[in-house]
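The values are calculated or read from the model by the stated rules, or taken from the named source; none is laboratory data. Since we're looking at a predicted model, the values are computed, not measured. Cβ: placed from backbone, ideal geometry, glycine included. Neighbour counts: every protein chain shown.
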Amino acid sequence: MSFVAIVRQPINPSDILERVGSEEDGANILFVGVVRNHNDGFPVKGVRYEAYEKMAKSVLEEIVMEARSQYGTDRIATVHRIGDLVIGDVSVAIAVSSHHREQSFLASRYIMEEIKKRLPVWKKEYYLDGREDWTQGATPGSPQLTEPE
Amino acid sequence: MLFFASYREAVGLGRMNVRLPIEAKVSDLISELHSKGENFTCLPDSVVVAVNHVYSEPATMLNDGDEVAFIPPVAGG
């Protein structure tokens, strides 16, 4: 019952949370990533996410499958938005439910970290001073650590 | 071939076709592009490549009709 999607329309986090949960689960987790108004000390007015959509969907499915097998729950819903977003918009939402809280916490964290490492999605930031730039990201397959965001 | 994000902007196009010798590898394709010079020099020697939506190695063999994507550092989330 896992759910994975790359979408262009706004994400409603409560809709994602409703996709998980079961009578046998005692823990429901919802992680919501939103666009913030600054990066590296510069005010940001908006961002554009671009994806290699066909590959992004399959990589996201692969990441969720790994989380399922590692943390023992298949109640996982993950959605990433692409296109133009403004401050406060939801860019990613991850919902997990499991028998006990640790599985959900760990699975949610694993999925988010792997998205940062290898989901073929790129972010261009638009700054208040008129500049724009692609966010420095992670090189898939490399052992480098990325700055937590 | 597909170019995304910063690579698309640096190369100046998002998609192009190329003819390669039989039994060419990903590394041969990268060398071929570098030999064209100009905008393709933006692609690092160790550029990340996906063949038919799967991350691939320089030694990966290419076949007729393969979709090869050049993947800049990713920044989802």
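Quick test for you: out of B:G77, B:G65, B:G14, pick the one residue that is closer than 30 Å to A:G83 by Cβ and away from chain A (no Cβ under 14 Å).
Values: B:G77 fails: away from chain A (no Cβ under 14 Å); B:G14 fails: away from chain A (no Cβ under 14 Å).
The unique qualifying residue is B:G65.
Yes or no, residue by residue, for (1) more than 13 Å from chain B (Cβ to nearest Cβ); (2) surrounded by fewer than 20 Cβ atoms within 10 Å (Cβ to Cβ); (3) not hydrophobic (A, V, I, L, M, F, W, C):
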| residue | (1), (2), (3) |
| --- | --- |
| A:A27 | yes, yes, no |
| A:E61 | no, yes, yes |
| A:I94 | no, no, no |
| A:S97 | yes, no, yes |
| A:H100 | yes, yes, yes |
Original post:
Restricting attention to region B:51-60, does a residue exist that is away from chain A (no Cβ under 14 Å), surrounded by 13 or more Cβ atoms within 10 Å (Cβ to Cβ) and closer than 19 Å to B:F4 by Cβ?
Top reply: no
Original post:
Take the residues of region A:4-25 that are in contact with a helix residue (DSSP H, G or I) (Cβ under 9 Å, 6 or more places away or on another chain) and outside any loop (DSSP other than H, G, I, E, B): which is surrounded by the fewest Cβ atoms within 10 Å (Cβ to Cβ)?
Top reply: A:A5
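Looking at A:Y52, A:Y110, can you tell me which residue is under 29 Å from B:P72 (Cβ atoms), in contact with a helix residue (DSSP H, G or I) (Cβ under 6 Å, 6 or more places away or on another chain), within 14 Å of another protein chain (Cβ to nearest Cβ) and aromatic (F, W, Y)?
Details: A:Y52 fails: in contact with a helix residue (DSSP H, G or I) (Cβ under 6 Å, 6 or more places away or on another chain).
Answer to the selection: A:Y110.
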Subject >> Breaking point among (1) within 21 Å of A:R118 (Cα to Cα); (2) modelled with pLDDT under 95, for B:G37 >> reply: (1)
Original post:
Do you know which residues across region A:36-49 are under 17 Å from A:V90 (Cβ atoms) and either within 11 Å of chain B (Cβ to nearest Cβ) or assigned to a helix (DSSP H, G or I) (or both)?
Top reply: A:V47, A:R48, A:Y49
**OP:** Hey, can you tell me all the residues within region B:36-77 that are among the β-branched types (V, I, T) and in contact with a His (Cβ under 9 Å, 6 or more places away or on another chain)?
**Re:** B:T41
**OP:** Quick one: in region B:14-71, of everything that is free of Cβ contacts under 8 Å to residues at least 12 places away in the same chain and within 20 Å of A:E50 (Cβ to Cβ), which residue is farthest from the chain's Cα centre (by Cα)?
**Re:** B:V54
Subject >> Residues (within 11 Å of the chain's Cα centre (by Cα) and in a helix (DSSP H, G or I)) located in region A:91-114 >> reply: A:S108, A:R109, A:Y110, A:I111, A:M112, A:E113, A:E114
**OP:** Answer with yes or no whether A:E66 is within 14 Å of another protein chain (Cβ to nearest Cβ) and either crowded, with 18+ Cβ neighbours inside 10 Å or closer than 26 Å to B:I71 by Cβ (or both).
**Re:** no
Original post:
In this structure, is A:Y52 buried (at least 17 other Cβ atoms within 10 Å of the Cβ), hydroxyl-bearing (S, T, Y) and without any contact (Cβ under 8 Å) to a residue 40 or more places away in the chain?
Top reply: no
